[in-house]
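Each remark here refers to the structure printed beneath this line.
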Amino acid sequence: MDNKLRTETLCIQAGYSPKSGEPRQIPIYQSTTFKYATSEDMGKLFDLEAEGYFYSRLQNPTCDAVAAKIAALEGGTAAMLTSSGQAATFMAVFNIAGAGDHIVASSAIYGGSFNLFNVTMRRMGIDFTFVDPDCTEEELNAAFQPNTKALFGETIANPALNVLDIEKFARVAHAHGVPLIVDNTFATPVNCRPFEWGADIVTHSTTKYMDGHASAVGGCIVDSGKFDWTRYPDKFPGLCTPDDSYHGVTYTERFGLAGAFITKCTAQLMRDFGCCQSPQTAYILNLGLESLPFRMKQHCSNAQIIAKYLSEHEKVAWVKYCGLEGDKYYDLAQKYMPNGSCGVISFGLKGGRKAAETFMKHLRLGSIETHVADSRTCCLHPASATHRQMTDEQLDAAGVGADLIRLSCGLENVQDLLEDLAQAIENV
Ligand SMILES: *Cc1c(COP(=O)(O)O)cnc(C)c1O
């Protein structure tokens, strides 16, 4: 597919081109296994000498078509689907880092990613340094060590809503000879393509806007094909030296820069960890992708109107939304996401925790969920839900004040949402 096609077209057409008489919509290849005429034919697949399918844990045609669509949307050379966003984050990092290695990550990242890094991957012997994403280039440089293998950040942080200065992060990562991995879940490739700003690998929780209907948990890893692993063979031996578990294949030699990262991640990590996406889920995800540009437009326009309304409301203490003029991240958002950012806002009411609890009780359309980024407007007061074990002091330290309300603006008519918010605030 021609990657110069525009986003709306790629969302519909990329990844699958049926031949004469074949199904128009991507078929769900609900099959664990694939049949071959001879053992030799199959042997070639196992040796990675021929392309094809033999077992759906490694590759499946439905999943591959949807991955190819996301690769086209991000402007990457290769992609793979995973069972969840968590699996995508884990495998993107673990594909180039092992025991004794070190990763620098933004401290403003999804709580699940933070825990994965700070607890579980530490237990695997990988060390992490977390940096304030708003730090200076000098401070960022100082976090690197000789054994650092990657820099990690989120385009728009969930739930802190910081906007990442991707160019700054890419510049520093490349100066240290490592790739920049960006979790692009909240912005989606409709609003930001991190590869255009120097990022090397992109990850997604497709559970959020990409699926967009709260239907299916999933993830994706995309490679830009631009990072030259062969310049640093000592840093990335897994990509630049023979893999004994695959008959001595050297991924960068056999698959080039365009394919090495994703092929290794599929052949080794998916083979061994097995956190693959099901073809059913990939099919649902693909339906979501078809309408992604139109939904993102509506999410962003609803959020923009609601953020402005809240910022002018006398009972509202503060609003955080990078599309709002005067927001700390407004300029970065204008640079990286001039057509809109995402539909997630956070705000606090005058009256703090108590006011937030009252407000939540009176919402009618906005439902109380931990989820974000789907078609239904939903709302979370972390201090009384997900973070309820923490004291007010601990909440402040985590950047999630006792008054913070996270609002994920859905696709409903914005007037109905404004009226719902108005009556809920009125009760405070
Ligand atoms: C939800 C989320 C994840 C984790 O994805 P799951 O699909 O829930 O495993 C990772 N990153 C971000 C930014 C998220 O919002």
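Throughout, read-outs are computed from the coordinates displayed, never taken from laboratory work. Nothing here was measured: the structure is a model prediction, and the numbers come from that model. Neighbour counts are summed over all protein chains in view; Cβ atoms, including those assigned to glycine, are modelled from backbone coordinates with ideal geometry.
May I ask you to derive the relative contact order of segment 162-229, considering only C-alpha pairs under 8 Å and at least 6 residues apart, and to give it as an integer percent?
It comes to 28 percent, rounded to a whole number.
Net charge within 14 Å of Tyr246 by Cβ-Cβ distance, Lys/Arg positive one each and Asp/Glu negative one each, not counting Tyr246 itself?
Result for the local shell: -2.
Which GluC sites (Glu not before Pro) in segment 259-344 sit in a loop by DSSP (not H, G, I, E or B) and have at most 11 other Cβ atoms within 10 Å of their own Cβ? Don't jump to the answer; show the numbers that get you there.
On the way: sites: Glu290, Glu312, Glu314, Glu325; in loops: Glu312, Glu314, Glu325.
Taking segment 259-344 and a limit of 11 other Cβ atoms within 10 Å, the loop GluC sites (Glu not before Pro) found are Glu312, Glu314, Glu325.
Can you tell me the 0 to 90 degree angle between the C-alpha axis of helix 352-362 and the longest principal axis of the chain, rounded to 10?
Once rounded, the angle reads 80 degrees.
Kirkwood-based Rg over Rh for the chain (C-alpha set), two decimals?
Numbers: Rg = 22.1 Å, Rh = 22.4 Å.
For the chain, the value is 0.99.
Using Cα pairs under 8 angstrom and six or more residues apart, how large is the relative contact order of segment 315-359, in percent?
46 percent
Under 16 Å from the Cα of Lys208, which aspartates and glutamates turn up, not counting those fewer than eight places away in the same chain?
Those aspartates and glutamates meeting the cut-off are Glu154, Asp183, Glu290, Glu369, Asp374.
Relative to the Cα centre, what is the charge dipole magnitude of the chain, using +1 at the beta carbon of each Lys and Arg, -1 at the beta carbon of each Asp and Glu, and rounding to the nearest 20 debye?
The dipole magnitude comes to about 620 debye.
So which trypsin sites (Lys or Arg not before Pro) in segment 1-103 pass both tests, a DSSP loop state and at most 12 other Cβ atoms within 10 Å of the Cβ?
Passing sites in segment 1-103 are Lys4, Arg6, Lys19, Arg24, Lys35.
What percent does the relative contact order of segment 43-106 come to when contacts are Cα pairs within less than 8 Å and at least six residues apart?
In percent, rounded to a whole number, it is 16.
Pick out, in residue order, every one of the GluC sites (Glu not before Pro) in segment 1-76 that is DSSP loop and has at most 13 other C-beta atoms within 10 Å; say none if there are none.
Loop-located and lightly packed - Glu49, Glu51.
Past 29 Å, Cα to Cα, is the threshold; run Lys35/Lys264; Lys168/Lys350; Lys19/Lys297 against it and keep the listed order.
Values: Lys35/Lys264 24 Å; Lys168/Lys350 36 Å; Lys19/Lys297 33 Å.
Violating the 29 Å limit, Cα to Cα: Lys168/Lys350; Lys19/Lys297.
How much net charge surrounds Asp132 when only other residues with a Cβ under 12 Å from its Cβ are counted (Lys, Arg +1; Asp, Glu -1)?
Computed value for this residue: -3.
To the nearest µm²/s, what D does Stokes-Einstein give for segment 292-426 at 4 °C and 1.567 mPa s, using the Kirkwood radius over alpha carbon pairs as Rh?
Calculated translational D: 86 µm²/s.
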